[in-house]
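Colleague: First the structure, which I've put down as structure tokens, then a few questions once you've had a look.
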Ligand code: F0G
């Protein structure tokens, strides 16, 4: 079991949660069509659906809200956020946006043309969709180790440099308006990217004159993984590591709802002046004036404070250990998870846990339902409900390589005893795993079906 540094904060405000009875949970599941997205938040005891916008703000952030300047243009809040963004990320230009996908939308509108390709280690699904919405083709070139759940590679989010070079040679650099990297790699298990790999990626893109953008949603967790795992960085601060990371890139987009520990917000940064002019015009059309970008002044102030709190090393040590601790306890109960544990979430290997349920009967969904039934805990299926699709030519179903249940941990929100409760609930489920049955759709939309599908037990 990893050592567990106690929470580096104490609790000043509380929000009650309640555990409803097994009968009420059964009724809630039935009413929701066995889709956990449709269960009311008040009927959830521990909510691990996402770490996005669900963290607890600090007293400094709540105090910063009161300093919010709601002027339409050039607000003091914007000036304070600008100082923090320049200090940490070092890009020449930036705009706020209301969340990560808004920044991705603006970036794609300005730079992506139909038929162009955007390589990355792995795009998150909103980035993928925003590129596609502009006619572009997102391409994932992560190292092969990322697809082997048991492989303990320390930087499983790394780009496969040989694949990247071969891809650029094949497609032609003129068809690649920019290249990306997602840190940490959420779609691949919250896995970090090493500085060495980031340097190689930057060199490769730049040798072909391709601008390099980072999806920086979990940049602070990535920086701390580099400090822990990469030679030469053990004595550098996370702030220094973050500065070095972004000095390699030409821009970034970021959901501030993760490592900036705010409930809403995003950023889009760049060094190119023409891109900045076009971004501002697009932003004014869709989000708001460039000094607020769809947010209230107070949101900008909370973000300015949160950007530094997310980099605090006592907090990051606690944060990454919390995830590793939950993973180790779940493994102890006989349920394998993606190794090593990611930064923000634990990913359960469902095919190894419920081997008797074929992918066509949605084993990930079955485990998600069971977690709610047994303990009123909400996780997120990342498997066949989300990704299985018919082959356009043969019509045969293509199932994803991995069938996962993600337990994402909101920042500074749950204590060790909450995580113990989650692990104990899973241990009870594991004991009766052989009795668990699969599900079938009673309704499924064509796209993004996990959000609104309805199911029936088999
Ligand atoms: N990039 C990454 C790596 C993300 O994980 C997310 C969101 C986004 C971009 C989009 O940001 O939600 O602010 O628009 N991830 C959330 C999750 C939704 O649950 O993993 P957003």
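Please treat every number below as a calculation from the coordinates, not as lab data. Since we're looking at a predicted model, the values are computed, not measured. Heads up, the Cβs are rebuilt from the backbone with ideal geometry, glycines too, and the neighbour counts pull from every protein chain shown.
Colleague: Among the residues of region 15-70, write down those that are out of contact with any strand residue (DSSP E or B) (no Cβ under 8 Å at 6 or more places or on another chain) and on the phi > 0 side of the Ramachandran plot.
Modeller: Matches in region 15-70: 53 only.
Colleague: Another one. How many of the residues making up region 370-398 are in a loop (DSSP other than H, G, I, E, B), more than 22 Å from residue 25 (Cα to Cα), more than 16 Å from the ligand (Cβ to nearest atom) and touching a strand residue (DSSP E or B) at 6+ places or on another chain (Cβ under 9 Å)?
Modeller: 3
Colleague: So residue 335 fits all but one of (1) part of a loop (DSSP other than H, G, I, E, B); (2) within 22 Å of residue 441 (Cβ to Cβ); what number is the exception?
Modeller: The failed condition is (2).
Colleague: Quick one: which residue in 292, 325, 308 is outside any helix (DSSP H, G or I) and in contact (Cβ under 8 Å) with a residue 60 or more places away in the chain?
Modeller: 292
Colleague: Another question, if that's okay. How many residues, within region 148-182, are touching a helix residue (DSSP H, G or I) at 6+ places or on another chain (Cβ under 8 Å), surrounded by fewer than 16 Cβ atoms within 10 Å (Cβ to Cβ) and farther than 27 Å from residue 347 by Cα?
Modeller: Result for region 148-182: 1.
Colleague: Also: Looking only at region 89-99, filter to residues that are in a loop (DSSP other than H, G, I, E, B) and away from the ligand (no atom under 12 Å from the Cβ); which one of those is nearest to residue 304 (Cα to Cα)?
Modeller: Among residues in region 89-99 that are in a loop (DSSP other than H, G, I, E, B) and away from the ligand (no atom under 12 Å from the Cβ), the one nearest to residue 304 (Cα to Cα) is 89.
Colleague: Look at region 250-275 and say how many of its residues are closer than 14 Å to residue 89 by Cβ and more than 16 Å from the ligand (Cβ to nearest atom).
Modeller: 3
Colleague: Output the residues belonging to region 100-147 that are within 14 Å of the ligand (Cβ to nearest atom), outside any helix (DSSP H, G or I) and surrounded by fewer than 24 Cβ atoms within 10 Å (Cβ to Cβ).
Modeller: 124, 138, 140, 142
Colleague: Still on this structure, I have one more. Taking region 197-220, which residues are under 12 Å from residue 245 (Cβ atoms) and part of a helix (DSSP H, G or I)?
Modeller: 197, 198, 199, 201, 202, 219, 220
Colleague: Can you tell me which residue among 245, 238 is farther than 24 Å from residue 322 by Cα and surrounded by 17 or more Cβ atoms within 10 Å (Cβ to Cβ)?
Modeller: It is 245.
Colleague: Kindly list, by first and then second residue, each pair from a residue in region 118-138 that is over 23 Å from residue 197 (Cα atoms) and without any contact (Cβ under 8 Å) to a residue 40 or more places away in the chain to a residue that is assigned to a helix (DSSP H, G or I) and within 10 Å of the ligand (Cβ to nearest atom), limited to pairs with Cβ atoms under 7 Å and residues at least 6 apart or on different chains.
Modeller: Listed by first residue and then by second, the contacts come to 126/100; 126/101; 126/104; 130/101; 130/104; 130/105.
Colleague: Being out of contact with any strand residue (DSSP E or B) (no Cβ under 8 Å at 6 or more places or on another chain) and farther than 30 Å from residue 352 by Cα narrows it down to one residue among 202, 162; which is it?
Modeller: Values: 202 fails: out of contact with any strand residue (DSSP E or B) (no Cβ under 8 Å at 6 or more places or on another chain).
It is 162.
Colleague: I'm trying to understand the selection: among the residues of region 66-83, which are touching a helix residue (DSSP H, G or I) at 6+ places or on another chain (Cβ under 8 Å) and either buried (at least 18 other Cβ atoms within 10 Å of the Cβ) or in a loop (DSSP other than H, G, I, E, B) (or both)?
Modeller: The answer is 67, 68, 69, 70, 71, 75, 77, 78, 80, 81.
Colleague: Right, something else. If I ask for residues that are surrounded by 12 or more Cβ atoms within 10 Å (Cβ to Cβ), touching a residue at least 60 places away in the same chain (Cβ under 8 Å) and assigned to a loop (DSSP other than H, G, I, E, B), which ones from region 439-458 would you list?
Modeller: If the condition is that a residue be surrounded by 12 or more Cβ atoms within 10 Å (Cβ to Cβ), touching a residue at least 60 places away in the same chain (Cβ under 8 Å) and assigned to a loop (DSSP other than H, G, I, E, B), then 452, 453 are the ones that fit.
Colleague: Could you say which residue among 15, 42 is over 28 Å from residue 126 (Cα atoms) and either away from the ligand (no atom under 16 Å from the Cβ) or surrounded by fewer than 19 Cβ atoms within 10 Å (Cβ to Cβ) (or both)?
Modeller: 15
Colleague: OK, next. (1) buried (at least 23 other Cβ atoms within 10 Å of the Cβ); (2) not in a helix (DSSP H, G or I): which one isn't true of residue 367, the others all being true?
Modeller: Only one criterion in (1) buried (at least 23 other Cβ atoms within 10 Å of the Cβ); (2) not in a helix (DSSP H, G or I) is unmet by residue 367, namely (2).
Colleague: Contact list please: Cβ distance under 6 Å, first residue in region 209-222 and under 16 Å from residue 128 (Cα atoms), second residue assigned to a loop (DSSP other than H, G, I, E, B) and within 9 Å of the ligand (Cβ to nearest atom), pairs at least six apart or on different chains.
Modeller: Pairs that qualify, where the first residue is under 16 Å from residue 128 (Cα atoms) and the partner is assigned to a loop (DSSP other than H, G, I, E, B) and within 9 Å of the ligand (Cβ to nearest atom), are 217/258.
Colleague: From (1) without any contact (Cβ under 8 Å) to a residue 60 or more places away in the chain; (2) in contact with a helix residue (DSSP H, G or I) (Cβ under 9 Å, 6 or more places away or on another chain), pick out the condition that doesn't hold for residue 404.
Modeller: Against the list (1) without any contact (Cβ under 8 Å) to a residue 60 or more places away in the chain; (2) in contact with a helix residue (DSSP H, G or I) (Cβ under 9 Å, 6 or more places away or on another chain), residue 404 comes up short only on (1).
Colleague: Could I ask something else about it? Restricting the search to region 153-166, which residues are within 20 Å of the chain's Cα centre (by Cα) and either assigned to a loop (DSSP other than H, G, I, E, B) or more than 19 Å from residue 342 (Cα to Cα) (or both)?
Modeller: Our first condition is that a residue be within 20 Å of the chain's Cα centre (by Cα); within region 153-166, this holds for 153-159.
Passing the criteria: 153, 154, 155, 156, 157, 158.
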